[in-house]
1. Kindly write out, for the stretch 478-495 in residue order, the coupling ³J(HN,Hα) from the Karplus curve 6.51 cos²θ - 1.76 cosθ + 1.60 (θ = phi - 60°), rounded to whole Hz, with x marking Gly and Pro.
2. Name the residue farthest towards the positive end of the dipole of the stretch 174-292 from the options Thr175, Leu222, Asn274, assuming +1 on Cβ of Lys and Arg, -1 on Cβ of Asp and Glu, about the Cα centre.
3. What is the total of Lys pairs in the stretch 331-427 with C-alpha atoms under 22 Å apart, excluding same-chain pairs fewer than 8 positions apart?
4. Hand me the chymotrypsin sites (Phe, Trp or Tyr not before Pro) from the stretch 68-122 located in a DSSP loop with no more than 14 other Cβ atoms within 10 Å, in residue order please.
5. Note the angle between two axes, namely the Cα long axis of helix 22-31 and the longest principal axis of the Cα atoms of the chain, as a number of degrees from 0 to 90, rounded to the nearest 10.
6. What is the sum of charges around Leu62, taking Lys and Arg as +1, Asp and Glu as -1, for the other residues whose C-beta is under 10 Å from the C-beta of Leu62?
7. Placing +1 at every Lys and Arg Cβ and -1 at every Asp and Glu Cβ, with all other atoms neutral, what dipole size does the stretch 1-143 have around its Cα centre, in debye to the nearest 20?
8. Enumerate the aspartates and glutamates that Lys462 could reach by cross-link, defined here as Cα to Cα under 17 Å, with residues fewer than 8 away along the same chain left out.
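Just so you know, all these numbers are worked out from the coordinates, no wet-lab data involved. Because the structure is a prediction, the values reported are computed rather than measured. Neighbour counts are summed over all protein chains in view; Cβ atoms, including those assigned to glycine, are modelled from backbone coordinates with ideal geometry.
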Amino acid sequence: MNIILILVLFLAAFIIVKLFILPYKLHKKYKKYGQGQFVPILGEILEFQQNLQKNQDMEYSLKHQLDKDPYQKVYVTNIGPYIKLRIFEPEIIRDFFQNQHNYKKFEFFTGNLMRFVNGIITAEGQDWKSSRKLFSQAFHFDYIQKLAPLIEKSTNTIIDEIIAKNELQNFNSITCMQELTGRVVIASFFGESLENERLKGRTIVETLSYILNALARQTGTLIYLIFGKKFFQLGLTKHSREINQLIEEFNSFLQNKIASKIEEIQNDIKQNGNTSNFSILAQLVSTSQIDQISRQQLFEDFKAFYLAGMDTTGHLLGMTMYYLTQYKDVYSKLQQEIDTNQDQSIQCISQLPYLNAVIKESLRYYGPANILFDRIATSDHVIGGIPIKKGMIITPFAISMHRNQNIFENPHAYNPSRWLDKKISEINSFSYIPFSSGQRNCIGQHLAQMQTKIILNKFIKKFNFSCPENYKLVMAFKFLSEPVDPLCLKLTLRQ
Ligand code: HEM
């Protein structure tokens, strides 16, 4: 009995030291570099919940972090027992990117998604290096430009579907744009959007969204906080067994699809000397680089492109459409630029100055990836004069930096015209990082920007947008931060 009591006391003491005392001490040490809050176990999750309740926006305190003191260096918080430094000062961010070898991505919140997607976004070391090298050419702007006709075709199809299904009065901008950007990633990879392919009655986009949403929901549960991904991996509930089985079926379906597409392109090249297929796969096959990557890795990388490209670009488009309904002067200026432009080539659309400014401003004001993945320090080092201890979490918070009044005048205003002012070119290149920076920056940024321009150009030409007056925007995290109530706009056809 006494031994059991001693063991229980010992365990309790261990938990108290590990979860409360040591993190609290470390937190106190780092608070001298900036501001911060320590909440045992819950950490920043509590802050997000408070933001939601008080301000209807889970990211509110992050956006207003620098309002009172724009010279702050860091904010110190915690995730469970881990101490986390949010960094938002350009010089510290620069040092962070120069120290990439001292970090790896912290798996806690992404671990469950990684059960399904294990490609270039989460890879480290040599695996990441070889994927990045291989795909760099296919994502180069010169090659990406050739994908413009595919993007135009997918956009026209979606527009026809919206009209045919009579969705004009109830246009769910984010869901619809994610459907479109999902098809664009698939089309960019395969050379066609595979809209007619079905797995258990669902299209590829629907299946991928279903799986990714289910995994994101699992991650948001208390069970995940306590037991981690293992609980769901083991399939201890009926629903998690169903998801695990769907993942397996989808993986083998997709592997077959990739193999048959490669064969088709190879046959095309054998018979005709070249291929009419313009896609990432065709680029790899026609330059014989396809043999430098295993089929398994190729398929994991495709899912990584899908995960990284669909949600982000879909959000950017859906939210930009919403901002246009809220900022009428911005909307009419953009409409005028698009209406008076005669040349519909991608070269010309890419250069439209106000369209460009609107996208840049949306990426600043609401960048879908303005909080980078958490990194965990793999060794002791120093950034911006701050000594970083192995095991700490360091995360660039562009969301706070992009609202710094010392960098952007009147930062809480949505004002695309700021990007037309010559003064903006003087800002430090680490002050604006919607696509991150350094060697692990966004490989798909040219594709994202090009498709955003093509899609907005077409939608603005075709429709007028408005937002129901009683709609209240409340933003919360799922995988990215997004509206809690569906963002349903009203569209009317333009003459
Ligand atoms: C508006 C749209 C997009 C935004 C704002 C965005 C932003 C970002 C950011 C901030 C990162 C760095 C994440 C981190 O290291 O923590 C990133 C990485 C990445 N993005 Fe994007 N992205 C967008 C669209 C796309 C598209 C369309 C694709 C491809 C189809 C893509 C593929 C990737 C990949 C593969 C990575 C990981 C790169 C690596 O680790 O080497 N992204 N993105």
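1. Per-residue couplings from phi come out as 10, 9, 9, 7, 8, x, 5, 8, x, 7, 9, 9, 10, 10, 10, 6, 8, 5 Hz.
2. It is Leu222.
3. 5
4. Details: sites: Tyr71, Tyr75, Tyr82, Phe88, Phe96, Phe97, Tyr103, Phe106, Phe108, Phe109, Phe116; in loops: Tyr71, Phe88, Phe106, Phe108, Phe109, Phe116.
Of the chymotrypsin sites (Phe, Trp or Tyr not before Pro), the ones in loops of the stretch 68-122 whose Cβ has at most 14 other Cβ atoms within 10 Å are Tyr71.
5. Roughly 70 degrees between the two axes.
6. Combined, the nearby Lys, Arg, Asp and Glu give -1.
7. 440
8. Glu152, Asp160, Glu161, Glu167, Glu337, Asp339, Asp343
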